[in-house]
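The structure appears below as structure tokens.
The values are calculated or read from the model by the stated rules, or taken from the named source; none is laboratory data. Note that the coordinates shown come from a computational prediction; the quantities given were computed from them, not determined experimentally. All Cβ positions, even for glycine, are placed from backbone atoms using ideal geometry, and neighbour counts span all protein chains on display. Areas reflect the complete protein model, heavy atoms only, side chains present, ligands, DNA and RNA absent. Shrake-Rupley method; radii C 1.70, N 1.55, O 1.52, S 1.80 Å.
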Amino acid sequence: MKKLSILLIISVLCANVLFSQDQEVVKALKKSDFYRGGSEGIEWNVKVQNIEQGQLKNDLVLSVEGSANDSHFYSLISFLEPKKFGGQKLLIRDNNMWFIKQGLTNPVPISSRQRLSGSAANADVAAANYSKDYTIESVENGTFNNANCWVLELKAKDNLITYPKVKYWISKKENFGLKAEFYGKSDKLIKTATFEYHNKIEYKSQKYDYLSKISISDMINKDDKTILSISSVSFPVFSSSKFQKDRLLD
């Protein structure tokens, strides 16, 4: 009986440790979303540079406005440069997306998997909300660029989400998302991304290092790459009407 009691105590202690670790990983995933734009209100500019076979092919400048919470994610992307794309907008409401440009009388529904530019899909430019869209399937310890990391395997909660599976490296110290691998439905690696955090921001009276660059490598066309450079980060409060489909026509 005494031996059984000791085994029971050990089992409970182990369960508590595992539960604590799970909670720590969930918290780290949510914090990593924040550093990549997952906040109640976010606005930034994104320069999108496409590199094909080692040569700069083209670039865009976009304005991204977004809002995220545990239940919803909204984003409005406006094309600023080059001027020929002026007036084009992209609206994301959770996993639904619409596009509008001059000459269209109604917003056109499109897929988040559709490429916006180069290796970047529409959803890559918006602030991803992994803690909302994915479940954690497994967790391992690992490293990236000498940083100790949680290595998470994330599974999409439904088939509308851009990537069915993501392998994601989160630094244990800062909870920065440092690297991601994106997989298609056939479990084939489609692209990889690395993230840098050199923007300095203040949010709710706290100062943080913040997302400044995403480098996306195409694993199908391996000479192709897209670089997203983030600047002019601010945290306005948006009305929910900002992200209504009818507002795309304004």
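Scan region 181-206 for residues that are farther than 24 Å from ALA147 by Cα and part of a loop (DSSP other than H, G, I, E, B) and the total you get is 7. On the stretch given as region 45-85, residues that are acidic (Asp, Glu), crowded, with 16+ Cβ neighbours inside 10 Å and within 22 Å of GLN102 (Cα to Cα) total 2. If I filter region 83-104 for residues that are modelled with pLDDT under 90, small (Gly, Ala, Ser) and within 14 Å of the chain's Cα centre (by Cα), do I get at least one hit? Looking for residues that are modelled with pLDDT under 90, small (Gly, Ala, Ser) and within 14 Å of the chain's Cα centre (by Cα), one finds none in region 83-104, hence no. For region 157-177, filtered to residues that are part of a strand (DSSP E or B) and open to solvent by 20 Å² or more (accessible area, probe 1.4 Å), the residue that is farthest from PHE144 (Cα to Cα) is LYS165. Here's a check for you: in region 214-249, which residue that is under 26 Å from THR105 (Cβ atoms) and polar (S, T, N, Q) is surrounded by the most Cβ atoms within 10 Å (Cβ to Cβ)? Across region 214-249, the extreme among qualifying residues is GLN244. Considering region 207-233, the residues that are assigned to a strand (DSSP E or B) and among the small types (Gly, Ala, Ser) include one that is modelled with the lowest pLDDT, namely SER217.
Here is a yes/no grid of residues against (1) open to solvent by less than 30 Å² (accessible area, probe 1.4 Å); (2) touching a Phe, Trp or Tyr at 6+ places or on another chain (Cβ under 8 Å):
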residue: LYS179; (1), (2): no, yes
residue: ASP187; (1), (2): no, no
residue: ALA193; (1), (2): yes, yes
residue: GLU196; (1), (2): no, no
residue: LYS200; (1), (2): no, yes
residue: SER205; (1), (2): no, no
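What number of residues within region 170-187 satisfy the criterion of being in contact (Cβ under 8 Å) with a residue 12 or more places away in the chain and over 19 Å from ILE227 (Cα atoms)?
Let us first name the residues in region 170-187 that are in contact (Cβ under 8 Å) with a residue 12 or more places away in the chain, namely 170-185, 187.
Now restrict to residues that are over 19 Å from ILE227 (Cα atoms): 170-175, 183-185, 187.
The total comes to 10.
Would you be able to say whether some residue in region 94-102 is closer than 24 Å to LYS191 by Cβ, of a type in the set (A, V, I, L, M), open to solvent by less than 40 Å² (accessible area, probe 1.4 Å) and not in a loop (DSSP other than H, G, I, E, B)? Checked region 94-102: at least one residue is closer than 24 Å to LYS191 by Cβ, of a type in the set (A, V, I, L, M), open to solvent by less than 40 Å² (accessible area, probe 1.4 Å) and not in a loop (DSSP other than H, G, I, E, B). Restricting SER186, SER131 to residues that are under 12 Å from LEU29 (Cα atoms) and of a type in the set (Gly, Ala, Ser) narrows the list to SER131.
Whether a residue is free of Cβ contacts under 8 Å to residues at least 40 places away in the same chain, part of a strand (DSSP E or B) and touching a Lys or Arg at 6+ places or on another chain (Cβ under 7 Å) was assessed, and GLU140 does not pass this test.
When you look at ALA180, is it of a type outside the set (Val, Ile, Thr), within 18 Å of VAL26 (Cβ to Cβ) and under 16 Å from the mean Cα position of the chain (by Cα), yes or no?
Numbers: of a type outside the set (Val, Ile, Thr): yes; within 18 Å of VAL26 (Cβ to Cβ): yes; under 16 Å from the mean Cα position of the chain (by Cα): yes.
Criteria met by ALA180.
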